[in-house]
Amino acid sequence: MAAVPTSYSIPQKALHWLMALLILFNLVFAESMEEVAEAYERGEVPSAEDLTFANIHAYVGIAVLCLGLVRLALRLTRGAPAAPAEEPPLLRLASKLAHGTFYVLFFLIPFSGIGAYYFGNETAGFLHGGPLKSLMWLLIAVHILALLVHQFYWKTPVATRMTRG
Ligand code: HEM
Ligand code: HEM
């Protein structure tokens, strides 16, 4: 087994920030996609503008899926730096679980979107825009809160590990 790295590699950092940007973009800009989905449900033809923005949502999401595969391969082959020793074991486990769930969502969210958009699967559409979307928002909030706790409560510099660390 390869030695545990002391920092994230530059490709891992680049993927983290690029994917964060793309995911947040799709979380915030999904209105046209909803308009298109509703138009199809009513048997109407969506407007050209809505279709354009819906396709952007789809391509951005598919990019997340592809980048997620590269990121997972890097994570499995290169690994990640260990959690700071000061962190309580239970929270170390919680952070592993949260990061693991992020990876699962990198695939489940785009796949459910593809199921809804290209195959008209209503259950996939419900999961995509309901529980999976909410779980992603929740994890992002917890992720940022955890970084703040590290920085200001435990005073462990975890926040710099995705930048210069
Ligand atoms: C990072 C990946 C993605 C994120 C974060 C994301 C996020 C979202 C959000 C926030 C909504 C609005 C749901 C609501 O509030 O009701 C939505 C709707 C939708 N997205 Fe995505 N999406 C992603 C990828 C995709 C992909 C790859 C596709 C298809 C190729 C897609 C297709 C759809 C469809 C069809 C809807 C409408 C669902 C419905 O109302 O039935 N999404 N998405
Ligand atoms: C959509 C938004 C985000 C997602 C999906 C996300 C996901 C992740 C994941 C999965 C990891 C684990 C490392 C890996 O395997 O790549 C991680 C680590 C990290 N993230 Fe994020 N992140 C997001 C936003 C942010 C933001 C906004 C910040 C800063 C304010 C941030 C700062 C960090 C830092 C510092 C680490 C390293 C933590 C450690 O070493 O344990 N992330 N992120």
Note to self: If I ask for residues that are more than 9 Å from ligand 2 (Cβ to nearest atom), within 16 Å of residue 72 (Cβ to Cβ) and either part of a helix (DSSP H, G or I) or modelled with pLDDT under 95 (or both), which ones from the stretch 6-21 would you list?
What the structure shows: 11, 14, 18
Notebook entry, point to check: Within the bounds of the stretch 68-77, is there any residue that is out of contact with any helix residue (DSSP H, G or I) (no Cβ under 7 Å at 6 or more places or on another chain) and either within 10 Å of ligand 1 (Cβ to nearest atom) or touching a residue at least 40 places away in the same chain (Cβ under 8 Å) (or both)?
Noted result: yes
Note to self: Show the residue pairs meeting these rules: Cβ distance below 7 Å; 6+ apart or different chains; first residue within the stretch 88-116 and touching a residue at least 24 places away in the same chain (Cβ under 8 Å); second residue outside any helix (DSSP H, G or I) and open to solvent by less than 60 Å² (accessible area, probe 1.4 Å).
What the structure shows: 95/83
Check: Going through the stretch 72-100 one residue at a time, which ones are polar (S, T, N, Q) and open to solvent by 50 Å² or more (accessible area, probe 1.4 Å)?
Finding: 77
Item checked: residue 35 being touching a residue at least 12 places away in the same chain (Cβ under 8 Å), open to solvent by 30 Å² or more (accessible area, probe 1.4 Å) and assigned to a helix (DSSP H, G or I) -> yes
Next item on the list: Could you check residue 66 against (1) modelled with pLDDT of 95 or more; (2) away from ligand 2 (no atom under 16 Å from the Cβ) and say which number it fails?
Entry: (2)
Next item on the list: Spot the failing condition for residue 24; the list is (1) surrounded by fewer than 17 Cβ atoms within 10 Å (Cβ to Cβ); (2) more than 19 Å from residue 134 (Cβ to Cβ); (3) within 12 Å of ligand 2 (Cβ to nearest atom), and only one is missed.
Entry: (2)
Notebook entry, point to check: So which residues in the stretch 101-122 are of a type in the set (Ser, Thr, Tyr) and either under 9 Å from residue 68 (Cβ atoms) or within 13 Å of ligand 2 (Cβ to nearest atom) (or both)?
Noted result: 101, 103
Check: Of all residues in the stretch 138-165 being in contact (Cβ under 8 Å) with a residue 60 or more places away in the chain, of a type outside the set (Val, Ile, Thr) and in contact with a helix residue (DSSP H, G or I) (Cβ under 7 Å, 6 or more places away or on another chain), which is farthest from residue 65 (Cα to Cα)?
Finding: 150
Notebook entry, point to check: Inside the stretch 125-157, can you point out the residues that are of a type in the set (Gly, Ala, Ser), within 12 Å of ligand 2 (Cβ to nearest atom) and under 30 Å from residue 54 (Cα atoms)?
Noted result: 141
Item checked: residue 44, sole failed condition from (1) open to solvent by 30 Å² or more (accessible area, probe 1.4 Å); (2) assigned to a helix (DSSP H, G or I); (3) modelled with pLDDT of 95 or more; (4) within 19 Å of residue 118 (Cβ to Cβ) -> (2)
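The values are calculated or read from the model by the stated rules, or taken from the named source; none is laboratory data. From a predicted model like this one, the values you see are computed outputs, not experimental measurements. Note: ideal-geometry Cβ built from the backbone for every residue, glycine included; neighbour counts use all protein chains shown. Side chains included, ligands, DNA and RNA excluded: accessible areas come from the protein's heavy atoms. Shrake-Rupley method; radii C 1.70, N 1.55, O 1.52, S 1.80 Å.
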